[in-house]
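In what follows, a single structure is set out as structure tokens and then discussed.
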Amino acid sequence: MRAPQRFLTHLAMFVVLSAAGSLLWQQHARAWDLGRRSPVLSYDSSQYAVAARELAIHGRFATLFALPLELARHPAAPWPLALVQPGLVICEAALIALTPARTRVIEGRAREILRPDQLEWTVLVTPYVSFMLIAIGLGLGTSHILRRYHPQVSPVRRAIAGTVVGLAFLLDPEAQHFAVGGFTELPFTLGLVGASAALALGIGVRVPLLFGLALGVAGAFRGTMLWLAPAFAIGNTLSADPGERRRVLVRTLIGYVIPLTPWWLYKWHAFGTPAWDLSALSVWDGVQGRTWFSLFHTPDVPDLPHGGAAASLLAQKLFRNLPGVLLSLAIGVRPLLMGGLALWLGLAREAPRALRLAAGTLFVLMGVNILATAISVPQLRYLFPVRVIMDAAGVLALWGLIARSSAPSPAMRRTLPVLLAATVLVWGVTATRLGDEEAHQASMERGTPSTLSLLQIAALMSREIPAGEPVMSNLGPALSWESHRPVIHLVVSPDQITACRRRADFRNVLLVFRDAGTAWPEWTSVVAHPVDALHRVEWNVRTVRRYDTADGFMVIWLVLGPLGPELAGDGAATESAPLVQ
């Protein structure tokens, strides 16, 4: 009778987590006013969407968006993929390919073409499905771990425990945020959850090649897997018997390499090295006055330190950022959960080797992740995938410590797990409420126009700029998605326009900001006084126009003169008109 009971309890857990996940997703999307005040595509997600559309329509790994820095190697569109990873591009391309992208006559009926603002909703499918599968996977993983290592626990209690762990994840506002945007965090986290469960249950050691393949597929979504895969491989190897460890290690690594080899060959062909990753420049953000803008938004390759000087500067950055990164983990119940996992690992020496190795691997992964985050961009989002797994493992560890503790009475040992579950869920509900409030406030202050305004800007461009002609704009990939044309991100300073045009000529620059106060520092004067740009001979501006969007953004449109030895000195009068009459 255990099998039917187990099936029914797992089915109930699936229903509860699916319903809760859907409701929380919708609630967070409403807080953002997704698709109206807040565009579906953010800066990051629109980069993937543009590349995915190129793959779906033209069958090529390329993009119509480039940073000024990329023009030093590849001046003409379409540009090779220098910033995005292939996993999400392939998933989104498959979804776009399955969606009618042009008018077709089928069985006497014409299917209408989908506008970009309609097609962009396909990019939410992969994050949403990953959001749901992670919660269900954490729940099932919890149930199977309890069943294997604590068979005395009833199926009902195992299902309740799995539901609590799954709900704790769904109530994480950071997870909800990633689920309502086309981000790589959730698909990557799903891969890490599967790999961690395989370690804890001893599955990876039985099928090391498949285990490695899973790591490789996860690595196709985020390049950081390159640093995490060795820890998984070592943990899986140590789980094997001494005589089998070499075989397990080799097969795990071979499996990891197989899915990523085509991607490495692509980068070798496009950039001259399989290790090319433009995002690696972010390690110099905050070093010697450099910023993300000054590194990526310039047409020239930055002159960076080398050797001992570079090591010293990066070490200083690491120790400067490390306290803040560690402090970001000490929020809510996280210190309790991570402390509980560390305590369990220190005390439960008689626990199964697979469980101990899985817990130890998690701490190694978190240590590597913390160091990588501190030395690059110190944001909590880069700790998210490993943190999610450590939170779930921490709940299990604390339940294990309570079960083996010398509590005053059996009743107390039954009450403490319930109190722990209640604490975790109450914190999750509180964090969700605060996250929704923050999302609503952020949606009111977004630096990107609404979807309707983006469509109107794209329509205006299509009327006045020849198809396929590149433009430069601070809207970057979002404008490329809506306009179906090459877009070069805005250079850090107007003084660099001509240098950028020497690599890839363009005639139109669109500045879209709420006001001069929100403009980039070097562009503030242009947004505040657009007419003055006509008198800067070195900028070569021929005409200046200004439009106002319905949602409160200024569109400053600079039309540049042709490149040549003589630059334009005077321009036409400024035009000013609302974007929507």
Checklist entry - Distance from the Cα centre of the stretch 6-69 to that of the stretch 470-511, in angstrom? => result 26
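Taking the Cα centre of the stretch 451-578 as the origin, how large is its charge dipole in debye, to the nearest 20, when only Lys and Arg (+1) and Asp and Glu (-1) carry charge on their Cβ atoms?
Values: 11 positive and 14 negative charges, 53 e Å.
About 260 debye.
State which helices in the chain qualify, where a helix is a whole DSSP H run, it must extend 15 Å or more along its own axis by its Cα atoms, and its mean Kyte-Doolittle hydropathy must be at least 1.0.
For the chain, where a helix must reach 15 Å along its axis and average at least 1.0, the hits are 86-97, 155-170, 185-200, 208-219, 225-239, 334-347, 353-375, 384-403.
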Item to check | Positive-pole candidate from TRP557, ALA97, PRO477, dipole of the chain, charges at beta carbon | outcome: ALA97
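Near GLU438, within a Cβ-to-Cβ distance under 12 Å, what is the net charge of the other residues, with Lys and Arg +1 and Asp and Glu -1? Walk me through the numbers before you get to the answer.
Numbers: positive: ARG433; negative: GLU174, ASP436, GLU437, GLU445.
Computed value for this residue: -3.
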Item to check | Percent RCO, i.e. relative contact order, over the chain, from Cα pairs under 8 Å lying at least 6 residues apart | outcome: 17
Checklist entry - Charges only on Cβ, +1 for Lys and Arg, -1 for Asp and Glu: so what's the dipole of the stretch 347-422 about the Cα centre, in debye to the nearest 20? => result 160
Checklist outcome for this item: Among VAL217, LEU380, ILE457, the residue whose Cα sits farthest towards the positive end of the charge dipole of the chain (+1 at Cβ of Lys and Arg, -1 at Cβ of Asp and Glu, taken about the Cα centre) is VAL217
Checklist entry - Using the Karplus equation 6.51 cos²θ - 1.76 cosθ + 1.60 (θ = phi - 60°), what ³J(HN,Hα) coupling, rounded to whole Hz, does each residue of the stretch 511-522 give in order, writing x for Gly and Pro? => result 9, 10, 9, 5, 6, 5, x, 9, 6, 4, x, 6
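About its Cα centre, how strong a charge dipole does the chain have in debye, to the nearest 20, once Lys and Arg get +1 and Asp and Glu get -1 at the Cβ? Don't jump to the answer; show the numbers that get you there.
Working: 49 positive and 38 negative charges, 540 e Å.
Charge dipole, the chain, about its Cα centre: 2600 debye, nearest 20.
Relative contact order (percent) for the stretch 137-237, with alpha-carbon contacts under 8 angstrom and 6 or more residues of separation? Please report the intermediate quantities before stating the final value.
Values: 80 pairs, mean separation 23.9, N = 101.
Relative contact order for the stretch 137-237 comes out at 24 percent.
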Next on the checklist: At a threshold of 8 angstrom on Cα-Cα distance, excluding pairs fewer than six apart, so keeping six or more, what relative contact order does the stretch 451-578 reach in percent?
Outcome noted: 22
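Counting each DSSP H run of 4 or more residues in the chain as -39500 (n - 2.57), what helix-only mean residue ellipticity at 222 nm follows after dividing by all residues, to the nearest 500 deg cm²/dmol? Don't skip to the answer; put the middle values down first.
On the way: 22 runs with 337 residues, N = 581.
Result for the chain: -19000 deg cm²/dmol, rounded to the nearest 500.
Each value in this text was obtained by applying a stated rule to the coordinates, not by laboratory testing. These numbers come from a predicted model, not from an experiment. Don't worry about glycine lacking a Cβ; one is built from the backbone with ideal geometry, like all the others, and counts go over all protein chains shown.
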